[in-house]
Amino acid sequence: MSCGRNVNNKPLLAFVTLNNALFQETREKKNVLNSLMSGALAGAVAKTAVAPLDRTKIMFQVSSKRFSAKEAYRLIYRTYLNEGLWSLWRGNSATMVRVIPYAAIQFCAHEEYKQLLGSYYGFQGKALTPFPRFIAGSLAGTTAAMLTYPLDMVRARMAVTPKEMYSNIVHVFIRISREEGLKTLYRGFTPTIIGVIPYAGLSFFTYETLKKLHADHSGKLQPSPPERLLFGACAGLIGQSASYPLDVVRRRMQTAGVTGHTYSSILLTMQEIIREEGLIRGLYKGLSMNWVKGPIAVGISFTTFDLTQILLRKLQHSSNIER
């Protein structure tokens, strides 16, 4: 009798197993989609908020002018007087074309790498230990940078050139490809990848660590929005400070075609910058502005991502209950 019941139950067990597998797959797809949407919004909001400061920083990075807060203010004010208010956001359209897929890929990849590393190290469903936490962030940043790099190159060119030179994003691609060759679209790629490893690794590591410490000491599962902003600001400050010289190098290499310089490698670019401008004034030019811009941008980015994720999950939960 028991054998007969087992035989009769096999189709039911198979159906339940298949149904669970399909449910799990659907949930994973929704989680990926949520991460992509939340990441895209986070990147767009953060970068638009600091676009004038970002453009000013790039203009100093690619020139030999000495940086100071006073000179930065003068540059912003002159740009406003000569070209109008919206010129301070010049290149932001190219930034959006790059940052939306970049942030979407980075945040989504980070969630996936956390799961993979959690399974590998046996921390499934729990917070990762420090080393895998850093690795997850580094891998996420590297993945996003590799897939979107030409867009970063285009954005840098638009930020440092007058609008008469490049009318739009497509025009930048066409002129660079025709006049300098397709390889130019990947100029500065190596310092970007080398720089993104400590930047993304330390940013995600710091933010996740601060959230964990907050939960351990406060007993609250989730920090408040102001606390998220503060944690994100700390993450941006640490991450960008660690990788800043490589950021200067990649900007010089990206804009070499319009500044009259020729930079063939990371070391030679560093040597020329140090020889002409000095170590601190050259490789760390604009860092003080980054200490203002970076924490604001990263804080907004992490906070927007987390809050959007929470909102989307609540909406999905409500939708499931209604069904």
**Asked** Give or take rounding to whole Å, what are the principal axis extents of the alpha carbon atoms in the stretch 154-218, in descending order?
**Response** 57, 24, 16
**Item:** Relative frequency of Cα-Cα separations exceeding 26 Å in the stretch 68-186, percent
**Value:** 44
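Just need the Rg to Rh number for the stretch 114-257, please, alpha carbons only, Kirkwood Rh.
My calculation of the ratio gives 1.10.
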**Item:** FRET efficiency estimate (nearest 0.05) - Cβ-Cβ, Ser224 to Ile274, R0 35 angstrom
**Value:** 0.20
**Asked** Rounded to the nearest 500 deg cm²/dmol, what is the calculated helix-only ellipticity per residue at 222 nm for the chain, with -39500 (n - 2.57) per DSSP H run of length n ≥ 4?
**Response** -28000 deg cm²/dmol
**Chain lengthening between Ser265 and His217 when straightened (0.36 nm per residue, less Cα-Cα)** = 12.6 nm
**Asked** If one computes the Cα centroid of the stretch 51-127 and of the stretch 230-288, what distance in Å separates the two points?
**Response** 14
**Asked** Given a 1.4 Å probe, how much area per residue of the chain is accessible, in Å²?
**Response** 53
**Nearest-10 value in Å² for the accessible area of Arg133, using the 1.4 Å probe** = 20
**Proximal lysines to Lys293, defined as alpha-carbon separation beneath 27 angstrom and excluding residues fewer than eight positions away on the same chain** = Lys47, Lys57, Lys65, Lys70, Lys163, Lys211, Lys212, Lys285
**Request:** With θ set to phi - 60°, apply the Karplus curve 6.51 cos²θ - 1.76 cosθ + 1.60 along the stretch 266-277 and write out the HN-Hα couplings as whole Hz, x wherever there is a Gly or Pro.
**Result:** 4, 5, 5, 5, 4, 4, 5, 4, 5, 5, 7, 10
**Asked** If you roll a 1.4 Å probe over the chain with all protein chains in place, what percent of the accessible area is carbon or sulfur?
**Response** 65
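The values are calculated or read from the model by the stated rules, or taken from the named source; none is laboratory data. In this text the structure is predicted, and so the values were computed from the model without any measurement. Don't worry about glycine lacking a Cβ; one is built from the backbone with ideal geometry, like all the others, and counts go over all protein chains shown. Side chains included, ligands, DNA and RNA excluded: accessible areas come from the protein's heavy atoms. Shrake-Rupley method; radii C 1.70, N 1.55, O 1.52, S 1.80 Å.
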